[in-house]
Each structure stands twice: as structure tokens, then as C-alpha cells.
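Here is the structure we will look at.
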Amino acid sequence: MRGFFEELRYRNVFRVAIAYIVASWLVAQATDLAADAFDAPDWVMKMLIVVLLIGLPVALFLAWAYELTPEGVKRAKDLPEDMPKDPRASSQLNRITLVALIIAVAWLGWDKLQRPTVEPIPETAVETVVDTAAEVAPETKKKSIAVLPFVNMSSDQEQEWFSDGLTEEILNALARTPDLLVAARTSSFKYKGSNEDIPTIAGELGVAHVLEGSVRSASDRLRVTAQLIRASDGFHLWSQTYDREPEDVIAIQEDIAVEIATALETAMDPEALARMVSSGTSSVPAYNAYLEGLAIDSSTLSTGDTYSFLRARDAYKRAVELDPEFSFAYWELAKFWEVQLRTTNIVSGIVELPREQMLAEFEDAIEKAIRFERDPINHARVRILQAIQNLQPAEALGLNTEYLRERPNDQVAQSYLLTLLSDLGAIDELRAAIEEFERRDGYDLLVNNDSITSSMLTGDKDFVQRFVKDALRRMPDRPFIQYQSHRSLLFAGDIDGAAALLPAIEASDLPENTRTLSLLRQACAEGKLTKARRIFEEFDEKYSDDLSMAWISHKIMGLDDEAHAVLAPLDEKMELQSLFDFVSYHYFDASKYPNLVALIRSQGVEPREPLEMPYRCKT
């Protein structure tokens, strides 16, 4: 009498299982290749996998229930127990398994040869950056603070923008203090609605103090509470409740900022402190509209819904209509129009206006921001943006460097520095800036977005992957960060890591063309040429009028001559503002455009050599 496992072996159940699994794997691989070639829908593969899984227990049952004999296939229970085993069954199964294994090994070898070869990036390199970031966070400075989002206590949840905007403006006012380290808005706002205790939050953000509060807004009354807490022992250094009329909101915001700066013993004289906290307007309705714009801007950066920026623009327009001398609101409007004028920006294109009209809107906003700005330091900030738009990157870099000495926490200026260093090809300085801003805070969306993009210009794939993985660890659910990280991971050769980001990118509110570009990059990186051509043809038909989309997609497909033809008219017609936007792409070859080369040389630098796009289609 044979035991159960001996009976399984005797009836070749184990051999059948091995042969079935190997054969099923080969069938799945072949079907996947065919599905890609014939553009089969996703359900085909899913259905095949289900059928194969169902087939396994069926095959095992048949192996158990039937036996191959010299007289043919018979039911096992009808055969004598001492009947000799027909050797044909075992030998045939062995041959089937051996052939399937040989094919599987050959398949794996062929597949490996089709993938782009990249140097493996040691895990220890990634761990080093993560460890470094973990070490930086707890090193708190005495004069450091995180401003947590003030809780909206109003019955009207539509007032959420008011509490968020007020928090943002207090944060901005404190960030103007040179010797005060202020955690970025993104890092603070991730704790919105959180039940984490203050010491834990402060420890994670690497700050010594936390400001928290609440806002209750009604038609005839405004109550704002604020507490400055020392994280080490939970001691309240300062607290205040403001129970006033809504018209006092500007005075409340300014008073909170002054009290915090004073309590933390910052090196600010009274006059400088007054300038620092000034909101720039005495009109409460204008200020409220400005706060609404700030709140919408910030939330849009987190969601990826670029069309929400239009609501922020409208809020700023209301602000300047209510106070025609509101410099800060003009500055925000100027930033909006500058982005719309950038041919390559993800957010550009949401306003359907002629370029000449958008340029006129920008010039009007920037001129008024300069005219009505009374603080000389803020005045310099506005001139930076003007120099950038006027294609004077060297002058803009000088102004921005000086401004950052006075306002080192200004994340917009940090972002400008990364962009300007990229445009001027200052690669060593660019890398140093990326590392410095990561150490300083590491949570600002704009700065991280530009850092990820700029990191590719270094050509150091280890550095790119380390920075990207650390940025994703800090901000794993931000669509803009995911999109830039996808491209950068492909540059670094981490094809699987990039693929893992695709589901989140596809499900995001990012523009459709941006999401589709990610699919095209991934298809090319994986060597799926049929799929890439299908995506490209549909993409080119839909976005052929978009210079940026047309140029990038042709470059991804390896169609360099066609890509050059897209941009050549810009150089010939001296439309250098649009053409200069492409300089920051690591694979852009400025030497092909004579007028652009002359512009770059006028800034005292030579055009940099383009880098390879490792993930392009190899046609």
C-alpha cells in the first residue's frame, strides 16, 4: 500500500504540475508579445491568466485520475495496484518539461538583450541619501519653525480657503526673516487634519518650534487663535486670541508674524520687521481675494489640476481691482502670465489667448508690481522675473543671488535659481544648489520639481536616482513630483521603478498630453516599439500644433531630424523667447540654432553639450 505522496509521485502528478507551470509561463509570454503587436485590450491577458489558473487543478486531477498504459488511457482506480508503471508517461513528461525549460531560458536571454543595458545602481547609494535626510531632519536650529494649517472653525466650509490662505501669508511673512528657518508650506500642510502630537511633527520636520491656531469667521466677527509651542517640552512661548471685526484681519496677520519673530529673538530691527510682515494692502476685501488666490495656487500644486490656476488668477485680478496698488497681487499675476508664456511648462496652454496678448498682460502686471512695491528687497524680487522674461538670464541670476542673501527661505527664488543655473549650463553650481535646498527643507513642491528636472543635467545617474527616490519618499502622492520622477528614473535606467509610478500618473488630474508622454517614454524604454508607435501616432495627430509636445514626442521616438524641423522656424523668425525655453532639457542641442547660440553667448557662456536620452526608442 503506497502512501499519499508516494501515490502522487507514482501517478506523475508532480511532473504534470511542473510541466504545466513552465508551459503556462511560456504561453503567457507569447500571448503578451502577440497582444502588444496586435494592440489587444488588457482583458485578453487577464482572461488568459484566469484560464491558466483554473486549468492547473484540472490538469492535476486528470494526472491523478487517469493513467497511460500500453492499451491507452485508463482510469487509475480500475488498474491493479501492482500493475507495472508504463515508462512512456514519465519519459514524455520529462521531455516536455525539458523542452519547455530550454525555451524559457532562451526567451529570458533574448528579453534581457532587448532591454537597454544600464549600470546597476547600488542600493547602498540610495540608502546613503535616505540616511542623510534622516540625519538632517532632527538637527533643529533654535530659530526654526513650522506653521501648521490653521483649523477652519467656521460653520461655512467654503471658508476653508480663508484659513489656508491666512496660514500661508503668515508663513510667507516669517519666511522673509533671514535668520529664521521656516518649513515649507508643503511639509506643514501634510499634517492638516492629522492627530500627530507636536513633538513628533517637529521631529519629522526638524524644527524647534511649531505655530498652530484656528480661525472662526462670520459676517460680523472674526476670531483667530494662535499658539507658539516649543517642541522640546511643549511649553507655550506665546499665545493669543484675537476676537475682532473681519476688517482687522490684516492687522491680526501682521501682529502674529511680529510676535513670533520677536519671541524667537530674530535679528530684525523694528523698521525691518514692519516691512517684513506687511501684507502690502490696507484693503480687507483685496486681502481676502489675495488669500483665496494663495490657497488655490497651493492646493493646485498638490492635485495637479492645472485649470484650477485660472481660479487663482481670477482671485488675484479681483484683488487688484479692489486695490489698484496691491503689489503682491500684481506679482502673483505676473508669475501666472510668465508661466503661460513658457512654451515648455506643463501649466502653459490653459489660457486660449494670442501670445502677444498674454505678453501684454504680463508686462502690465510686472510694471505695476515694480511701481507699487515699496520694500526694496521685494522690489528686487519682481525685477528678477522681469529679467527672466526679457531673456537676460545672467542679469536675473545676479539679482536672484543677491535676493536670496536677504530671503534665503523664499522657495520661488530657490526655484528660479535652479532654472537659471540650468539655462546657463552652470552644472557644478546647479548640483550644489539642489543639495543645499534639499538639506534646508526638502518639501517644497516647486523646488523639488525643478530639482528633479535639473538633476538630469548633471549626467550623474546615481545622483539622479538617489535624489528622486528621496523626493518620492518625502512626497509620495504629488502628481507633479511623480511625473518628473518618472522621466528621471528612466534617465537613470530604473525602468521598473518608473513603471511603478505610471498607475498614479494615469489616475491623476495632470493634463492628458503629459500623462500620455509618460506612457510613450515607458513604452520606448521597455523596447515595445509597436506600442510606442501607436501612442506616438495618436499623440502626434492630436497635439501636432503644440511645439513642445511635438518636439518632445519626436525626440522620444528617435526622430531627431523631424524634431529639429519643429523648432527651426523659431530660430529663423527670431522667436527666441519660445526657443530659449527648451535650453534646460538635457537632450536639447542649442548648437543647431544660430540665433539662439548668439543669445547664449551674449550672456557670457557657451552652449552646453547635449546629453543622451537613454530611454528613447531604438528604431
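The values are calculated or read from the model by the stated rules, or taken from the named source; none is laboratory data. Quick caveat, the model's predicted, so the values are computed rather than measured. Neighbour counts are summed over all protein chains in view; Cβ atoms, including those assigned to glycine, are modelled from backbone coordinates with ideal geometry. SASA here: full protein model, heavy atoms, side chains in, ligands and nucleic acids out. Shrake-Rupley method; radii C 1.70, N 1.55, O 1.52, S 1.80 Å.
Looking at region 152-188, which of the residues that are in a helix (DSSP H, G or I) and of a type in the set (Ser, Thr, Tyr) is farthest from Gly442 (Cα to Cα)? Applying the filter and picking the extreme gives Ser163.
From the list Arg473, Arg487, pick out the single residue that is buried (at least 19 other Cβ atoms within 10 Å of the Cβ), assigned to a helix (DSSP H, G or I) and not acidic (Asp, Glu). Testing whether each residue is buried (at least 19 other Cβ atoms within 10 Å of the Cβ), assigned to a helix (DSSP H, G or I) and not acidic (Asp, Glu) leaves just Arg487. Screening the candidates Val147, Val151, Val182 for the property of being open to solvent by 20 Å² or more (accessible area, probe 1.4 Å) and β-branched (Val, Ile, Thr) yields one hit, Val151.
Scan region 200-207 and give yes if some residue there is open to solvent by 60 Å² or more (accessible area, probe 1.4 Å) and outside any helix (DSSP H, G or I), otherwise no. Quick ask: steps written out before the conclusion?
Start the filter on region 200-207 by keeping residues that are open to solvent by 60 Å² or more (accessible area, probe 1.4 Å), which leaves 204.
Now drop any that are not outside any helix (DSSP H, G or I), which leaves none.
No - not one qualifying residue is present in region 200-207.
Taking region 360-382 as the region of interest, how many residues are open to solvent by 30 Å² or more (accessible area, probe 1.4 Å) and within 28 Å of the chain's Cα centre (by Cα)?
Going residue by residue through region 360-382, those that are open to solvent by 30 Å² or more (accessible area, probe 1.4 Å) are 360-361, 363-364, 367-368, 370-372, 374, 376-377, 379, 381.
Retained after the next criterion (residues that are within 28 Å of the chain's Cα centre (by Cα)): 381.
The number of residues fulfilling the criteria is 1.
The C-beta contact set for region 547-558 (first residue of a type in the set (D, E, K, R), second residue not in a helix (DSSP H, G or I), distance under 9 angstrom, 6+ apart or interchain) comprises Lys555/Tyr585; Lys555/Tyr587; Lys555/Phe588; Lys555/Met613; Lys555/Arg616. Is it the case that Leu404 is open to solvent by 20 Å² or more (accessible area, probe 1.4 Å) and in contact with a Ser or Thr (Cβ under 7 Å, 6 or more places away or on another chain)? The answer is no for Leu404. Just one of the listed residues (Ser508, Ser553, Ser544, Ser548) is under 23 Å from Ile350 (Cα atoms) and surrounded by fewer than 16 Cβ atoms within 10 Å (Cβ to Cβ), namely Ser544. Taking the criterion of being touching a residue at least 40 places away in the same chain (Cβ under 8 Å), among the basic types (Lys, Arg) and in a helix (DSSP H, G or I), the residues of region 514-532 that qualify are Arg521, Lys531. Whenever a residue of region 498-513 is in a loop (DSSP other than H, G, I, E, B), its partners that are β-branched (Val, Ile, Thr) and open to solvent by 30 Å² or more (accessible area, probe 1.4 Å), lying with C-beta atoms within less than 9 angstrom and at least six residues away or across chains, give the pairs Ser508/Thr303; Asp509/Thr303; Leu510/Ile346; Pro511/Ile346. Looking only at region 332-358, filter to residues that are basic (Lys, Arg) and assigned to a helix (DSSP H, G or I); which one of those is nearest to Glu168 (Cα to Cα)? The extreme case among them is Lys335. For region 517-539, taking the residues that are within 22 Å of Gly349 (Cβ to Cβ) and open to solvent by 30 Å² or more (accessible area, probe 1.4 Å), the one that is nearest to the chain's Cα centre (by Cα) is identified as Leu519. Somewhere in region 448-470, is a residue more than 24 Å from Pro503 (Cβ to Cβ), among the hydrophobic types (A, V, I, L, M, F, W, C) and open to solvent by 40 Å² or more (accessible area, probe 1.4 Å)? No, region 448-470 contains no residue that is more than 24 Å from Pro503 (Cβ to Cβ), among the hydrophobic types (A, V, I, L, M, F, W, C) and open to solvent by 40 Å² or more (accessible area, probe 1.4 Å).
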